[in-house]
Amino acid sequence: MSLAIIYPRVSTEDQARHGYSLPDQIAQCRAKAKELGATTIIECVDEGISGDVLERPGLTRARQLIRDGGISFFVCYDPDRLARKLAHQLLITDEIEKSGCKLVFVNFDWKNTPEGRLFYSLRGAIAEFEKEKIKERTMRGLRQKAKQGGLTHDPRAYGYEYNSKSNNLDIVPEEAEVYMMMSKWFLQEQLGYSGIAVRLTEMGIPTKRGAKTWAATTVTRIMTSPLYKGELWLQRYDTVGKRNNRYRRPEDKVVPRERPRDQWVLIEVPAIIDEVTYQAHLKQAERISRLYKKRTFHGHYLLSGLLRCGLCGAAMSGTTTRGRRYYRCNSRNRSNKTCSLDYFKAEILERPVWKEVSQWLEHPESLIAALKSQTEHPSSDLDLTVTQRHLDEATKERARLIDLVQKGLASVDEVSDRMRELGERMTRLSTTLAEQKSKQTPLHLPEIHEVENILRSLKETIKILDFDERQRIIRDLVDQVIVTPNELVIQARIPG
């Protein structure tokens, strides 16, 4: 009895779904196996799997059967059906030949001779080259389509549905209403991602794919996506090959990588929210990120997630040294001392912040005054302050270099590279500064009676000096605390 394995493969999911060339491959491979005298034929088929993946289910089964012994022939339609990578092709070929099994192709005469191996390798190299060219042409076509304003795929985004006639997205009114409800919970009730997911699940609202349970990661993606303000960015990530990750070894899995910004393509879609609301989403998302990181192991830090360095703009976190609690700038640590802000004993920062918050609770008009001061002095925005400081420093350094050249202490050639770097940096900083200013939105100040009503429930808990309660009150009333060597700036907020 002579056993033969036939191995047909189609390369894309679309081919697998419609059966392009698969029946023909099977028929011709079976005919070849019978021609070789095989009495038993085992089909090992891979549908919709790329030839540059080694761990394909059908191929893996065939290799195992060959290792187990007793297989006389391995029949494949063409070398490029066996593999689209030369290294994989040679590896599989050696494995088959060393087991005593004969490798046979329907439309290629494989000979295990020096000349035959050379020609076989050339065919494999050509197949690999063709694969890359196909990939390049596909990506170029998709990019061109996107530049012309057409969608390259259906993003299946909640709140929208794909319109094949316009090749764009249409708003789904029922889902858009749910999105607006989520936005209200997020901004007004200060509900986090998990809280929104739980509430949607409890209300029985299905996800876009019909699932009954919402995940916090899904809510996170929705609440921070620019899609809902009318911007869909295509060609942002390189995901080529990701679809076959389930067949790859962990070390070989394709990790999507973000392309350079100038390669992204913007498609305008119908907007559900405006720019102001979107920026409010981003601000709330950043706040959640700061406040709800894992608590520091060494102890309780009342201002965790609220402190920002006034010199470099980095976050500050708690640390313990010789049993004492400190706050330090995250840009200043043992391996990276890029910031000169010194360590602060925890109580030195926590005491005045708690005192200020207590004052707001006792006298709501002082909270209104603090909020009003923040709106009247936009320079208190830390991002603006830090960006402006870096721009000023670059401007001063440029002036110093010009002064050196004018005094004859340096030549133009000696400073030209640095001048070019400074010019590019100043341009980037000026652009960033303009963007930051454009994103500033006026703060609506509530009436004093509204503030009193909001603070009443918090005031009732001030007598409870439990750490978690004090931290909750501070987080409800403080947006962030900016720390400089000689000043502590407490920025207030109205709790949702």
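Looking for whichever is at pLDDT 90 or above, in a loop (DSSP other than H, G, I, E, B) and crowded, with 21+ Cβ neighbours inside 10 Å here; the options are 38, 33. Which one fits? So that I can check it myself, show each step before the final result.
Values: 33 fails: in a loop (DSSP other than H, G, I, E, B).
So the residue among 38, 33 that is at pLDDT 90 or above, in a loop (DSSP other than H, G, I, E, B) and crowded, with 21+ Cβ neighbours inside 10 Å is 38.
Scanning region 469-496 for residues that are outside any strand (DSSP E or B), under 19 Å from residue 331 (Cα atoms) and touching a residue at least 40 places away in the same chain (Cβ under 8 Å) gives a single hit, 485. How many of the residues making up region 290-314 are at pLDDT below 60 and either within 20 Å of residue 482 (Cβ to Cβ) or touching a Ser or Thr at 6+ places or on another chain (Cβ under 8 Å) (or both)? Residues that pass the stated criteria total 5. Suppose we filter 401, 477, 422, 391 for residues that are modelled with pLDDT of 75 or more, crowded, with 16+ Cβ neighbours inside 10 Å and touching an Asp or Glu at 6+ places or on another chain (Cβ under 8 Å); which single one remains? It is 422. Taking every residue in region 243-269 that is of a type in the set (Val, Ile, Thr) and pairing it with any residue that is in a helix (DSSP H, G or I), at least 6 positions away or on another chain, the pairs with Cβ-Cβ distances below 8 Å are 254/242; 254/244; 254/245; 265/143; 265/146; 265/147; 267/146; 269/227. Taking the criterion of being aliphatic (A, V, I, L, M) and within 35 Å of the chain's Cα centre (by Cα), the only residue of region 394-418 that qualifies is 394. Residue 450 meets all of the listed conditions (1) surrounded by 12 or more Cβ atoms within 10 Å (Cβ to Cβ); (2) more than 13 Å from residue 397 (Cβ to Cβ); (3) of a type in the set (D, E, K, R); (4) modelled with pLDDT of 65 or more but one, namely (4).
May I ask you to say which residue of 399, 410 is closer than 21 Å to residue 387 by Cβ and aliphatic (A, V, I, L, M)? Selected residue: 399, the only one of 399, 410 that is closer than 21 Å to residue 387 by Cβ and aliphatic (A, V, I, L, M). Where helices (runs of 4 or more DSSP H) sit wholly within region 166-281, none has at least 1 residues that are in contact with an Asp or Glu (Cβ under 8 Å, 6 or more places away or on another chain).
Mind checking which residues of region 95-123 are surrounded by 12 or more Cβ atoms within 10 Å (Cβ to Cβ) and within 18 Å of residue 52 (Cα to Cα)? 95, 120, 121, 123 - these are the residues of region 95-123 that are surrounded by 12 or more Cβ atoms within 10 Å (Cβ to Cβ) and within 18 Å of residue 52 (Cα to Cα). Tell me which helices (runs of 4 or more DSSP H) are completely within region 56-136 and hold 2 or more residues being of a type in the set (Gly, Ala, Ser) and in the same structural domain as residue 38 (by TED's automatic domain parsing), or say none if there are none. Once the helices (runs of 4 or more DSSP H) in region 56-136 are filtered for at least 2 residues that are of a type in the set (Gly, Ala, Ser) and in the same structural domain as residue 38 (by TED's automatic domain parsing), what remains is 57-68.
The values are calculated or read from the model by the stated rules, or taken from the named source; none is laboratory data. Since the structure is predicted, the reported quantities are computational estimates derived from the model, not experimental observations. In this analysis, Cβ positions are derived from the backbone assuming ideal geometry, glycine residues included, and neighbour counts consider all displayed protein chains.
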